[in-house]
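Trainee: Have a look at this one.
The values are calculated or read from the model by the stated rules, or taken from the named source; none is laboratory data. These numbers come from a predicted model, not from an experiment. Cβ atoms come from the backbone with ideal geometry, glycine included; neighbour counts cover every protein chain shown. In case anyone asks, the SASA skips ligands and DNA or RNA and just uses the protein heavy atoms, side chains included. Shrake-Rupley method; radii C 1.70, N 1.55, O 1.52, S 1.80 Å.
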Amino acid sequence: MTSFTLINPATGREFREVPRASVEETDAAIARAVVAQRSWAALPPVARADALRSFARVVEQHVEELAQLEVLNSGHPIGSARWEASHVAQVLNFSAGAPERLSGQQIPVAGGLDVTFHEPYGVVGIIVPWNFPMTIASWGFAPALAAGNAVVLKPAELTPLTALRLGEIALEAGLPEGLFEIVTGSGSVVGQRFVTHPDVRSVVFTGSTEVGTDVAAGCARQLKPVTLELGGKSANIVFDDADLEKAAAAAPGAVFDNAGQDCCARSRILVQRSVYDRFLELLEPAVAAWRVGDPSHDDTDMGPLISASHRANVEGFLEGTDIAFRGAAPDGDGFWFAPAVVLAQPDDRIAKEEVFGPVVAVLPFDDEADGIRLANDTIYGLAGSIWTENLSRAVRVSRAVKSGVLSVNSHSSVRYWTPFGGMKASGLGRELGPDAAEHFTETKNVFFATD
Ligand code: NAP
Ligand code: MG
């Protein structure tokens, strides 16, 4: 098969064919990127900065178009999709500040001058999942380009449309041909080729822990650096001294946003036993008020799941669980799923495995030590939230939870100017933040003898 068919998840209808690249086509894209990278890296820093600012401006002009494509292809609510497209422009603008700031060091030595340079890797391969197609792609390509690399990007088979459009927008904005190559196709062909091709010098992978582990093993055989953003089973820890009304009102958004298809989803709510019943009483109306429906409507909170097979997986997680209550979902041909709140025990499958759907497990805990123990009782360590009005407790618990991205009395995980990434089985390396572009370089040390 030389193409694959896209399906609108809100209607179940097929709407477009997209080419499936072969190994030869992937190699050709990498070869174009190798050539483009040489001239790109040779440009004055300000020229790369200007090019990225112009890329950002053209993305800004196409926010509505990109957002509509994401509604069609991924079923994201239009409000979220607009945020995602604007975020891409912001990540580009932020990255445009990097070329002139990639300063090396001057290190004191006898008999000469010692300086370091941040050299680009060359071609960076970026492998993107289907859950946040635009934003996750931009976290890789914007800083990688800023640091003087070329990029080959493989979107997920299910959701390639915004990446394809961003590739065109880059050219419209004046980025050179070959510098930012979008290669659509399957992970086992295109993604694997990024891992094995000697001219792809660094790989960024976001997706499942299972595939990410294979990608890392393949990169190890090539001695190729790899950044991994993988799964999560993040805890939302609610202490008895929390503002319970606020915590309960915020909890649905923290796990049901993007239909739970979010690596940062707070999919375990841990509630101190003394306020457990009260918290569930407050959570029920908040879940009932969560609006699931047509993603093209402005007031929709949550659209469909990405595919029929993913919905079947998510449904499978509910078997044999104790469902406390559920939200609503439309009927019809889309891949709809009503949000579910499940009462769980620590060893239940629903409390251990990543569902990647709108299902949350609620578990009681006794005291601070027990809450921390339960929060860390997972192979993952991506995100998490801590609800308490006690500052000392907030500091203690945030230092004790083994996760890369935590928030206190909030569920925020992503700001492009702060670091993002996971511990344990949730990943390796960090994206975004002040050092984002530097992560796409390797340090060269040069000693100049003066004697
Ligand atoms: P996945 O299989 O890990 O896919 C992620 C990306 O890797 C896609 O672009 C995929 O391409 C590609 N890929 C697949 N096999 C590959 C290989 N052997 N070598 C190189 N690249 C490869 O994830 P998924 O199937 O989309 O989702 C499965 C589960 O992963 C989800 O249910 C969820 O638990 C987790 N997940 C986590 C995140 C996250 O943000 N951390 C995102 C998505 C999924 P194709 O699209 O062509 O398969
Ligand atoms: Mg897969």
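Trainee: Out of the residues in region 183-193 meeting the condition of being buried (at least 24 other Cβ atoms within 10 Å of the Cβ) and of a type in the set (Val, Ile, Thr), tell me which one is nearest to ligand 2 (Cβ to nearest atom). It would help to see each step written out before you state the result.
Mentor: Going through region 183-193, the residues buried (at least 24 other Cβ atoms within 10 Å of the Cβ) turn out to be 183, 185, 190-191, 193.
Restricting the remaining residues to those that are of a type in the set (Val, Ile, Thr) gives 183, 190.
On the way: Val183: 17, Val190: 13 Å.
Only one residue tops the list, namely Val190.
Trainee: Of all residues in region 115-143, count the ones that are open to solvent by less than 10 Å² (accessible area, probe 1.4 Å) and part of a strand (DSSP E or B).
Mentor: 4
Trainee: Looking for whichever is farther than 21 Å from Tyr416 by Cβ and within 16 Å of ligand 2 (Cβ to nearest atom) here; the options are Leu164, Leu171, Leu158. Which one fits?
Mentor: Working: Leu164 fails: within 16 Å of ligand 2 (Cβ to nearest atom); Leu171 fails: within 16 Å of ligand 2 (Cβ to nearest atom).
Checking each option against the conditions leaves just Leu158.
Trainee: Given (1) more than 16 Å from ligand 2 (Cβ to nearest atom); (2) surrounded by fewer than 21 Cβ atoms within 10 Å (Cβ to Cβ), where does Glu353 come up short, assuming only one miss?
Mentor: Status for Glu353: all satisfied but (1).
Trainee: Which residue pairs have Cβ atoms under 7 Å apart, sit 6 or more places apart or on different chains, and have a first residue in region 391-407 that is modelled with pLDDT of 95 or more and a second that is in a helix (DSSP H, G or I)?
Mentor: That search, which allows pairs on different chains as well, returns Arg393/Glu368; Val397/Glu368; Val397/Ile372; Ala400/Ile372; Val401/Ile372; Val401/Ala375; Leu406/Ser398.
Trainee: Open to solvent by 60 Å² or more (accessible area, probe 1.4 Å), among the basic types (Lys, Arg), under 30 Å from His76 (Cβ atoms) and out of contact with any strand residue (DSSP E or B) (no Cβ under 7 Å at 6 or more places or on another chain): which single residue out of Arg415, Arg399 fits that description?
Mentor: Numbers: Arg399 fails: under 30 Å from His76 (Cβ atoms).
Step by step, each of Arg415, Arg399 is checked, and only Arg415 is open to solvent by 60 Å² or more (accessible area, probe 1.4 Å), among the basic types (Lys, Arg), under 30 Å from His76 (Cβ atoms) and out of contact with any strand residue (DSSP E or B) (no Cβ under 7 Å at 6 or more places or on another chain).
Trainee: Answer with yes or no whether Phe279 is open to solvent by less than 10 Å² (accessible area, probe 1.4 Å) and either over 24 Å from the mean Cα position of the chain (by Cα) or free of Cβ contacts under 8 Å to residues at least 60 places away in the same chain (or both). Steps first, please.
Mentor: On the way: open to solvent by less than 10 Å² (accessible area, probe 1.4 Å): yes; either over 24 Å from the mean Cα position of the chain (by Cα) or free of Cβ contacts under 8 Å to residues at least 60 places away in the same chain (or both): yes.
For Phe279, the condition - open to solvent by less than 10 Å² (accessible area, probe 1.4 Å) and either over 24 Å from the mean Cα position of the chain (by Cα) or free of Cβ contacts under 8 Å to residues at least 60 places away in the same chain (or both) - is met.
Trainee: Let me ask another. If you go through region 298-319 one residue at a time, do you hit one that is among the aliphatic types (A, V, I, L, M), assigned to a strand (DSSP E or B) and farther than 19 Å from Ser80 by Cα? Outline the logic, then answer.
Mentor: Taking region 298-319 first, the residues among the aliphatic types (A, V, I, L, M) are 302, 305-306, 308, 312, 314, 318.
Filter again for assigned to a strand (DSSP E or B), leaving 302.
Pick out the ones that are also farther than 19 Å from Ser80 by Cα and you get none.
Among the residues of region 298-319, not one is among the aliphatic types (A, V, I, L, M), assigned to a strand (DSSP E or B) and farther than 19 Å from Ser80 by Cα, which makes the answer no.
Trainee: Out of (1) surrounded by 17 or more Cβ atoms within 10 Å (Cβ to Cβ); (2) of a type in the set (Val, Ile, Thr); (3) more than 16 Å from ligand 2 (Cβ to nearest atom), the odd one out for Thr196 is which?
Mentor: Only one criterion in (1) surrounded by 17 or more Cβ atoms within 10 Å (Cβ to Cβ); (2) of a type in the set (Val, Ile, Thr); (3) more than 16 Å from ligand 2 (Cβ to nearest atom) is unmet by Thr196, namely (1).
Trainee: Looking only at residues that are among the small types (Gly, Ala, Ser) and within 16 Å of ligand 2 (Cβ to nearest atom) in region 217-264, which one is surrounded by the most Cβ atoms within 10 Å (Cβ to Cβ)? Can you show your working first?
Mentor: Within region 217-264, the first condition is being among the small types (Gly, Ala, Ser), and the residues that meet it are 217-218, 220, 231-232, 234-235, 242, 247-251, 253-254, 259-260.
So of that shortlist, the ones also within 16 Å of ligand 2 (Cβ to nearest atom) come out as 218, 231.
Numbers: Gly218: 17, Gly231: 22.
Residue satisfying both the conditions and the ranking: Gly231.
Trainee: Filter region 170-207 down to the residues that are within 21 Å of the chain's Cα centre (by Cα) and without any contact (Cβ under 8 Å) to a residue 24 or more places away in the chain and list them by number.
Mentor: Ser188
Trainee: Give, as residue ranges, the strands (runs of 3 or more DSSP E) completely inside region 151-260 that count at least 1 residues that are near ligand 1 (Cβ under 9 Å from one of its atoms).
Mentor: Working: elements: 180-182, 200-206, 226-229, 235-238.
Correct list: 200-206, 226-229.
Trainee: Take the residues in region 105-114 that are part of a loop (DSSP other than H, G, I, E, B) and free of Cβ contacts under 8 Å to residues at least 40 places away in the same chain, then tell me which one is least open to solvent (accessible area, probe 1.4 Å). Break it down into steps so the answer makes sense when it comes.
Mentor: Kept after step one, since they are part of a loop (DSSP other than H, G, I, E, B), are these residues of region 105-114: 105, 108-111.
Checking which are free of Cβ contacts under 8 Å to residues at least 40 places away in the same chain leaves us with 105, 108, 110.
Details: Gln105: 117, Pro108: 114, Ala110: 95 Å².
It comes out as Ala110.
Trainee: Would you check which residues across region 163-210 are of a type in the set (S, T, N, Q) and under 22 Å from Gly122 (Cβ atoms) and list them?
Mentor: Of all residues in region 163-210, those of a type in the set (S, T, N, Q) come to 184, 186, 188, 192, 196, 202, 206, 208-209.
Answer for region 163-210, where residues must be of a type in the set (S, T, N, Q) and under 22 Å from Gly122 (Cβ atoms): Gln192, Thr196, Ser202, Thr206.
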